[in-house]
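Trainee: I am attaching a structure below and will ask some questions about it afterwards.
The values are calculated or read from the model by the stated rules, or taken from the named source; none is laboratory data. These numbers were taken from a predicted model, which means no experiment stands behind them. Positions of Cβ are generated from backbone atoms using ideal geometry, with glycine treated the same way; all protein chains shown enter the neighbour counts. These accessible areas exclude ligands, DNA and RNA; they are computed on the full protein's heavy atoms, side chains included. Shrake-Rupley method; radii C 1.70, N 1.55, O 1.52, S 1.80 Å.
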Amino acid sequence: MRIGIVCYPTFGASGVVATELGMALAEKGHTVHFITYDRPVRLRDHPNVFYHEVRVSDYPLFDYQPYELVLTSKLVDVAKFAGLDLLHVHYAIPHASAAWMAQKILEAEGVRLPFITTLHGTDITLVGRDPSFEPVITFSMERSNAVTAVSESLKKDTLSHFPLKREVQVIPNFVCVDQYRHEPDPKLRARFAPNGEKLLVHVSNFRPVKRVDDVMHMFAELRKSMPVRLLLIGDGPERQRIETMCRASQNCHSIQFLGKMTRPEEVVASCDLFVLTSESESFGLAALEAMACGVPVVSTDSGGLPEVNIHGESGLLSPVGDFRAMAANALAILGDPASQAKYRKGALAQADRFDLSLVLPIYEELYKSVVALETV
Ligand code: GMT
């Protein structure tokens, strides 16, 4: 099939899912065209993969550049030039409405272009619910040829926040487990935990929804009971404030900010515990990637996290904001070698349930069914 993929090209997990899906489809022989404003960070070179940049002009009349229109024109152009069989757009805003517009333009020219919208989380739980977006999001979800959500929790949120009459299919996020099976690297451990401390890690885009303050609080609490160090990977609007908070604390010498990394798993695999303190999380791909490295997870129980992090198996869950419970959970996992080994095994087993080999055929089936539909 010839598939167009629209996504955010940055470090956001929706872009990572879209990119890894496209790469896997290309590997299976499909031709994949990525259409976005910058080269997706995880995009690798492949003979079946093409990248089309959406370039917005800086015409002085526009205080706000009409990205959605330029994207639509590019979709029309690529669909015609490459003979796309379908479009798969990741993150509803503004990709789903741009895809619908492109579909209508092509329809007027007698060209059929079905599109699938995959909902990732904040497009529904935060931004999409805003009245300034809601009617457009509802409309474009209704008009998509298929809508998927990355967890049961996100599907439930979607159906409760939007007056949808249509089906929403859950297709969970995935991880290619073979790529994540790194053994802990003694050199990295010696660098980050030179005195044999347990090593905690958090990966996020440092947005308020991640509650990185709670990572700092749970770490301070845990340090009262055991020697630990903390790595913070990623960057975003809260990073400076958290770094300032860190410098003012007594624990800062045990905390390192590593910034954005294209392959965080290379460090995560050498850690003992992954911490995710989010207020809301439709899935929590970063946690799944950690599990695939054999790293158990202490997380909140919000959104789709209980579908990914199984309490008592791959890690432990606690209510949002309860950093003392998170510290107690961390101690329960790391406190003795048998428990750590049990959770490590549980994390690997849980990651196996989300292996790419299980999820890719579900997307391919959906693509086939959408392409086979008679009408737009
Ligand atoms: O978590 C973020 O802030 C990034 C966001 C995105 O759109 O890239 O992530 C969302 O999509 C991911 C991939 O499906 C999910 O794993 C994340 O849980 C989800 N984030 C939220 O729901 C906050």
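Trainee: For the chain, which span is the longest to avoid every loop-located (per DSSP) member of GluC sites (Glu not before Pro) having at most 12 other Cβ atoms inside 10 Å? Walk me through the intermediate numbers first.
Mentor: On the way: sites that count: 109, 167, 374.
Longest stretch, sites excluded: 168-373.
Trainee: Once the Cα atoms of helix 152-161 and of the chain are each reduced to a long axis, what angle between those two axes, in degrees from 0 to 90 to the nearest 10, is obtained?
Mentor: Here the helix axis deviates by roughly 60 degrees.
Trainee: Hey, another quick one. If each residue of separation counts as 0.36 nm, what is the full-extension length gain between residue 80 and residue 369 once their alpha-carbon separation is subtracted? The partial results should precede the final answer.
Mentor: Values: separation 289, 0.36 × 289 = 104.04 nm, distance 2.11 nm.
Gain in length upon complete extension: 101.9 nm.
Trainee: Hey, in the GNM for the chain with a 10 angstrom Cα cutoff, which one of 293, 176, 271 fluctuates hardest?
Mentor: In this elastic network of the chain, the residue with the biggest mean-square fluctuation among 293, 176, 271 is 176.
Trainee: Still on this structure, please answer the following. Using the charge dipole of segment 177-352 (Lys, Arg: +1 at Cβ; Asp, Glu: -1 at Cβ; taken about the Cα centre), state which of 226, 202, 341 has its Cα farthest towards the positive end.
Mentor: With unit charges placed on the Cβ atoms, the residue in question is 226.
Trainee: Which whole-number value in Å² is the accessible area per residue of the chain, probe 1.4 Å?
Mentor: Numbers: 15900 Å² over 376 residues.
Accessible surface, normalised per residue, equals 42 Å².
Trainee: Quick check on my link table: of 74/165; 156/210; 198/342; 28/74, which ones sit more than 28 Å apart, alpha carbon to alpha carbon?
Mentor: On the way: 74/165 30 Å; 156/210 21 Å; 198/342 16 Å; 28/74 26 Å.
Violating the 28 Å Cα-Cα cut-off are 74/165.
Trainee: To test your reading of the geometry: what angle, between 0 and 90 degrees and rounded to tens, separates the Cα axis of helix 356-372 from the longest principal axis of the chain?
Mentor: Roughly 20 degrees between the two axes.
Trainee: Ok, one more. To test your reading of the geometry: what angle, between 0 and 90 degrees and rounded to tens, separates the Cα axis of helix 134-143 from the longest principal axis of the chain?
Mentor: That works out to roughly 70 degrees.
Trainee: What is the distance in Å between the Cα centroid of segment 323-376 and that of segment 179-217?
Mentor: If we compute the Cα centre of each part, the gap is 19 Å.
Trainee: Which is farthest toward the positive dipole end of the chain among 119, 164, 315, measuring Cα position about the Cα centre, with Cβ charges +1 (Lys, Arg) and -1 (Asp, Glu)?
Mentor: 315
Trainee: Dipole magnitude of the chain about its Cα centre, charges +1 at Lys/Arg Cβ and -1 at Asp/Glu Cβ only, in debye to the nearest 20? Mind showing how you got there, number by number?
Mentor: Numbers: 38 positive and 45 negative charges, 132 e Å.
For the chain, the charge dipole is close to 640 debye.
Trainee: Where the accessible area of the chain is counted over protein heavy atoms with a 1.4 Å probe, how much of it, in %, is carbon and sulfur? Display every interim value, and only then the final one.
Mentor: On the way: 8640 of 15900 Å².
C and S fraction of accessible area: 54 percent.
Trainee: Return the ratio Rg/(2.2 N^0.38 Å) for segment 230-269, where Rg is computed over Cα atoms only. Don't skip to the end; give the middle numbers.
Mentor: Values: Rg = 10.9 Å, N = 40, 2.2 N^0.38 = 8.9 Å.
For segment 230-269, the normalised Cα radius of gyration comes out at 1.22.
Trainee: How large is the convex hull of the Cα atoms of segment 177-352 per residue, expressed in Å³ as a whole number?
Mentor: 99 Å³
Trainee: Continuing with this model, one more query. Dipole of segment 177-352 (Lys/Arg Cβ +1, Asp/Glu Cβ -1, origin at the Cα centre): which of 246, 291, 277 lies farthest to the positive side?
Mentor: 246
Trainee: Here's something else I'd like to know. State the percent of C-alpha pairs, over all pairs in the chain, separated by a distance greater than 28 angstrom. Numbers along the way, then the final one.
Mentor: Values: 32370 of 70500 pairs.
The proportion of pairs with Cα distances above 28 Å equals 46 percent.
Trainee: Just need log10 I(q)/I(0) for segment 4-121 at q = 0.17, 0.18 Å⁻¹, Debye formula, equal scatterers on the alpha-carbon atoms, no solvent, rounded to two decimals.
Mentor: Values, matching the q order: -0.80, -0.89.
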